[in-house]
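Trainee: Dumping the structure here so I can ask a few things about it.
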Amino acid sequence: MMNEQIIKGAEKPGLVVLTGPTAVGKTALSIRLARAIKGEIISADSMQVYRGMDIGSAKIREEEKEGIPHHLIDVLDPEESFDVVRFQSMAKEAARKIRAAGHIPIVTGGTGFYIQALLYDIDFTENDADRSFRDRLEAIAETEDGPALLHRMLEEADPESAALIHENNIKRTIRALEFNRQTGQKISVHNEQERARTSPYNFAYFVLNDDREKVYDRINRRVDLMMEEGLEAEVGRLHEKGLKRDMVSMQGLGYREMLAYLDGETDREEAVRLIKRNTRHFAKRQLTWFRREKDVIWMNRQDYPSGDSAILEEMIRILEEKGIISRQA
């Protein structure tokens with residue numbers, strides 16, 4: 001077995017990122033990595049933060065954690081708002097506690113914007129200005145064709161950002177429009193500038209990937225399994241509590257489509273078809289995002305025919321090379 005791993009002293013604190021498209025197998029590999037390097041996991045998932053949203057978010061089960069501490073899972077109620085600023089603050093605090101315990105923080109999840117915000121300590125204070133324009137945009141969002149209209153507005157103002165933000169992601173669409181209004185600058189340009197910042201961490205940014213058809217097949221099978229495990233009942237309970245599709249928690253894949261079915265706007269078969277389609281589209285957008293990031297280390301499954309053990313060994317080698325960990329003799 002691999003020798004025990006320890007944190008190596010360095011000027012910058014160590015941080016490991018393990019991300020990739022949905023259903024590529026990040027969770028299982030993150031557990032093996034955490035066990036190998038004395039790590040604890042910080043979830044970079046915008047839905048797993050919510051209590052009672054287990055099936056649709058593909059939340060890790062307690063027995064799957066194998067005793068590895070997980071942070072930013074089951075810490076908010078679905079009625080609460082969660083955004084990149086809140087994630088950044090909570091993730092920083094979690095990383096501080098993990099390091100204080102002598103362990104290594106491992107950021108795992110597929111929300112690339114959240115990862116970028118933490119990794120480069122992006123400053124979001126410019127969005128704390130006058131709310132009047134935001135209020136008008138939020139009013140538009142509540143109309144029947146509001147999300148599509150907002151997205152068309154963004155396509156005109158900042159086509160680069162519109163290509164990366166789905167029209168159902170109302171919060172990010174509004175943020176991009178508001179930033180453009182307040183600063184006269186495209187948020188896509190601002191984000192490029194922020195990406196050029198030097199990270200306060202000594203980090204390794206791993207992106208796990210696989211052949212597209214294999215990822216798409218796993219997505220389809222995962223959605224079928226979610227339905228078998230009771231996704232409809234889970235969303236039904238949330239619906240009965242009064243949660244609406246315009247709430248942040250209900251923007252997640254699977255929840256929005258099932259709410260449309262429960263509201264009688266579509267049938268069950270069509271809802272499942274849409275979940276699969278939208279999740280495949282989401283995986284494609286995730287990969288587009290990661291390809292634009294700097295300092296990414298791609299871990300392509302097809303390059304490791306012997307499986308996750310070989311991937312793990314290579315990750316360990318890279319972490320040692322970067323001085324994030326060191327072996328004890």
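Trainee: Being among the basic types (Lys, Arg) and in contact with a helix residue (DSSP H, G or I) (Cβ under 9 Å, 6 or more places away or on another chain), is that true of even one residue in region 97-106? Reasoning before the result, please.
Mentor: Here is the first cut: in region 97-106, the ones among the basic types (Lys, Arg) are 97, 99.
Still in the list and also in contact with a helix residue (DSSP H, G or I) (Cβ under 9 Å, 6 or more places away or on another chain): none.
No - not one qualifying residue is present in region 97-106.
Trainee: If you don't mind, another one. Which condition breaks for THR108 when tested against (1) among the hydroxyl-bearing types (Ser, Thr, Tyr); (2) at pLDDT 85 or above; (3) not assigned by TED's automatic domain parsing to the domain that holds LYS38?
Mentor: Every listed condition holds for THR108 apart from (3).
Trainee: Here is a further query. What is the number of the single condition among (1) outside the structural domain of MET53 (by TED's automatic domain parsing); (2) surrounded by fewer than 17 Cβ atoms within 10 Å (Cβ to Cβ); (3) modelled with pLDDT of 85 or more that THR173 does not meet?
Mentor: (2)
Trainee: Is it the case that region 262-271 has a residue that's part of a helix (DSSP H, G or I), surrounded by fewer than 20 Cβ atoms within 10 Å (Cβ to Cβ) and of a type in the set (A, V, I, L, M)?
Mentor: We begin by selecting, within region 262-271, every residue part of a helix (DSSP H, G or I); these are 262, 268-271.
Then keep just the ones that are surrounded by fewer than 20 Cβ atoms within 10 Å (Cβ to Cβ); that gives 262, 268-270.
Checking the rest, the ones that are also of a type in the set (A, V, I, L, M) come to 262.
Among the residues of region 262-271, at least one is part of a helix (DSSP H, G or I), surrounded by fewer than 20 Cβ atoms within 10 Å (Cβ to Cβ) and of a type in the set (A, V, I, L, M), which makes the answer yes.
Trainee: Being in the same structural domain as LEU259 (by TED's automatic domain parsing), of a type outside the set (Phe, Trp, Tyr) and at positive phi is true for just one of ASP74, ASP54, ASP83. Which residue is that? Give the derivation first.
Mentor: On the way: ASP54 fails: at positive phi; ASP83 fails: at positive phi.
That would be ASP74, the only listed residue that is in the same structural domain as LEU259 (by TED's automatic domain parsing), of a type outside the set (Phe, Trp, Tyr) and at positive phi.
Trainee: I need the full set of residues from region 182-228 which are within 30 Å of ILE104 (Cα to Cα) and polar (S, T, N, Q), in order please.
Mentor: ASN191, GLN193, THR198, SER199, ASN202, ASN209
Trainee: Quick one: would you say GLU257 is in the same structural domain as THR111 (by TED's automatic domain parsing), surrounded by 15 or more Cβ atoms within 10 Å (Cβ to Cβ) and not β-branched (Val, Ile, Thr)? Even if it seems obvious, please write down each step before you answer.
Mentor: Values: in the same structural domain as THR111 (by TED's automatic domain parsing): yes; surrounded by 15 or more Cβ atoms within 10 Å (Cβ to Cβ): yes; not β-branched (Val, Ile, Thr): yes.
Against the criterion (in the same structural domain as THR111 (by TED's automatic domain parsing), surrounded by 15 or more Cβ atoms within 10 Å (Cβ to Cβ) and not β-branched (Val, Ile, Thr)), GLU257 qualifies.
Trainee: Considering region 185-227 alone, what residues qualify as being surrounded by 14 or more Cβ atoms within 10 Å (Cβ to Cβ), among the small types (Gly, Ala, Ser) and under 25 Å from ALA162 (Cβ atoms)?
Mentor: Correct list: SER188 only.
Trainee: Under 7 Å between Cβ atoms, which residue pairs at least 6 apart in sequence (or on different chains) link something in region 139-155 that is outside the structural domain of GLN251 (by TED's automatic domain parsing) and within 19 Å of LYS186 (Cβ to Cβ) with a partner that is assigned to a loop (DSSP other than H, G, I, E, B) and of a type in the set (Asp, Glu)?
Mentor: Between residues of region 139-155 that are outside the structural domain of GLN251 (by TED's automatic domain parsing) and within 19 Å of LYS186 (Cβ to Cβ) and residues that are assigned to a loop (DSSP other than H, G, I, E, B) and of a type in the set (Asp, Glu), the close pairs are HIS151/GLU167.
Trainee: Could you tell me which of the residues GLU178, GLU234 is in contact with a helix residue (DSSP H, G or I) (Cβ under 8 Å, 6 or more places away or on another chain) and either buried (at least 16 other Cβ atoms within 10 Å of the Cβ) or not in a helix (DSSP H, G or I) (or both)?
Mentor: Values: GLU234 fails: in contact with a helix residue (DSSP H, G or I) (Cβ under 8 Å, 6 or more places away or on another chain).
Only one candidate passes the filter, namely GLU178.
The values are calculated or read from the model by the stated rules, or taken from the named source; none is laboratory data. This is a predicted model, so every value here is computed, not measured. Please note: Cβ atoms are built from the backbone with ideal geometry, for glycine as well, and neighbour counts cover all protein chains shown.
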